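Undergrad: Before I ask anything, here is the structure I am working with.
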Amino acid sequence: MTCWSDARKKYEQLDQVLTKELAVDNCHVGVQYNPVRMVSTGAKVDAKTIRRRSCFLCEMNRPADQTGMPLLGKYHFLLNPNPILPRHYTIPLRHHNRQQIQGHYEDLMKMVKKLDNLLFFYNGPLCGASAPDHMHFQAGSRGVVPLERDWKEVYRPQMSCLRKGDGGTVYQLNGYLCAGYVIIASTAEAHEALFDSVYSMLPVPEGEYEPMMNILAWADSEEELVSVVLPRAKHRPDCYHAEGDAKTLVSPGALDMGGLLITPREEDFKKMNAQLAKAIIQECGVE
Ligand SMILES: [Zn+2]
């Protein structure tokens with residue numbers, strides 16, 4: 001980080017970003033006013049725009065001083081230059097393959113097992129990923145995103161069992177603002193089989209190649225790797241496209257859906273209240 005001055009500046013600025021916490025029904029939702037995230041929130045991710053730009057996750061296009069470490073032999077573990085979390089990493093596959101969870105979920109859970117002090121997350125191609133053409137995960141500090149932060153006290157005690165077997169359990173997420181599936185197993189292999197059963201239940205939108213979803217994953221203990229699959233109904237809420245006062249620029253990814261809404265514009269941070277936060281998460285998620 002010391003050699004990448006641009007990123008360093010943004011991490012220093014992160015100390016000063018404004019945040020607030022809202023009580024929404026029986027949940028807590030955080031709001032973060034973070035102007036550097038405009039690059040992602042405002043990103044055009046239509047196929048034409050994506051084809052025309054050079055991919056910023058490909059090694060040859062990355063800044064020379066964005067150093068990384070290899071992970072699982074096929075990913076790069078990089079500092080995210082536009083942080084939301086105090087520690088925030090981007091983990092692209094070394095090859096330029098489209099964003100797709102199938103075939104990579106087991107890798108995600110291997111990362112969780114290996115780096116058990118981090119929260120990992122996945123944004124589907126139309127669910128917050130600003131590089132839908134290049135497979136990547138992200139990871140960052142634990143204890144910040146409300147769904148993970150409040151997990152043991154609030155959500156874990158409320159979940160109900162859907163399916164046991166294959167070395168783990170699938171639960172229904174209860175008491176949260178939108179629907180979700182929780183997979184708990186001790187190994188990445190057991191996770192993979194259970195994830196397949198969740199994946200096959202979700203609809204694939206016409207013209208798309210995978211069900212819309214975000215995933216948040218972390219290690220509750222050595223024996224309990226947790227992943228929460230949040231199915232998505234929409235890429236962006238209607239207020240994202242509205243004009244004038246009705247416009248609220250929030251483009252939800254896994255962290256927003258996990259209860260940390262990112263507003264790159266100050267006016268949206270100021271007007272964000274419990275009602276609007278709930279409406280955005282429920283419109284983009286599934287009830
Ligand atoms: Zn690429």
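Rule-based calculations on the coordinates, nothing more; no lab input. Note that this is a predicted model, so its numbers are computed, not measured. Cβ coordinates were reconstructed from backbone atoms using ideal geometry, including for glycine residues, and neighbour counts include every protein chain displayed.
Undergrad: Which net charge results when you count Lys and Arg as +1 and Asp and Glu as -1 among the other residues whose beta-carbon is under 9 Å from that of GLN102?
TA: The answer is -2.
Undergrad: Relative contact order, percent, of the stretch 216-261 when contacts are C-alpha pairs under 8 Å separated by at least 6 residues?
TA: Relative contact order, the stretch 216-261: 28 percent.
Undergrad: I want to verify a result. In a Gaussian network model of the chain, Cα cutoff 10 Å, which of these has the top mean-square fluctuation: ALA190, ALA23, ALA179?
TA: Evaluated over the chain, the most mobile residue of the options is ALA23.
Undergrad: A follow-up question, please. Given charges of +1 on the Cβ of Lys and Arg and -1 on the Cβ of Asp and Glu, with all other atoms neutral, how large is the dipole of the stretch 142-287 about its Cα centre, in debye to the nearest 20?
TA: 420
Undergrad: Next question, about the same structure. Given the alpha-carbon gyration tensor of the chain, what are the semi-axes of its equivalent ellipsoid in whole angstrom, ordered largest first, with each equal to the square root of 5 times an eigenvalue?
TA: Semi-axes (√(5λ), whole Å): 26, 24, 19.
Undergrad: Take every Cα-Cα distance within the stretch 85-204, group them into 10 Å bins from 0 onward, and report for each bin the whole-number percent of pairs it holds.
TA: Using 10 Å bins, I get a P(r) of 12, 39, 42, 7, 0 for the stretch 85-204.
Undergrad: I've got another one for you. Can you pull the three principal axis extents for the Cα set of the stretch 202-287, in Å, largest first?
TA: 49, 34, 20
Undergrad: Work out from phi, with θ = phi - 60° and the Karplus expression 6.51 cos²θ - 1.76 cosθ + 1.60, the ³J(HN,Hα) of each residue of the stretch 45-54, listed in order in whole Hz, and give x for Gly and Pro.
TA: Whole-Hz 3J(HN,Hα) from phi for the stretch 45-54: 10, 6, 4, 5, 4, 4, 5, 7, 8, 7.
Undergrad: Another question about this same structure. Which one of GLY128, GLY165, GLY143 has the biggest mean-square fluctuation once the chain is modelled by GNM with Cα springs under 10 Å?
TA: GLY165
Undergrad: I've got another one for you. Between VAL286 and ASN26, what FRET efficiency comes out of the Förster formula 1/(1 + (r/R0)^6) with R0 = 22 Å and r the beta carbon distance, rounded to 0.05?
TA: Computed FRET efficiency for ASN26 and VAL286 comes out at 0.70.
Undergrad: If you stretched the chain out fully between LEU18 and ASN97, how much longer would it get, using 0.36 nm times the residue separation minus the C-alpha to C-alpha distance?
TA: The span from LEU18 to ASN97 would gain 24.8 nm if fully extended.
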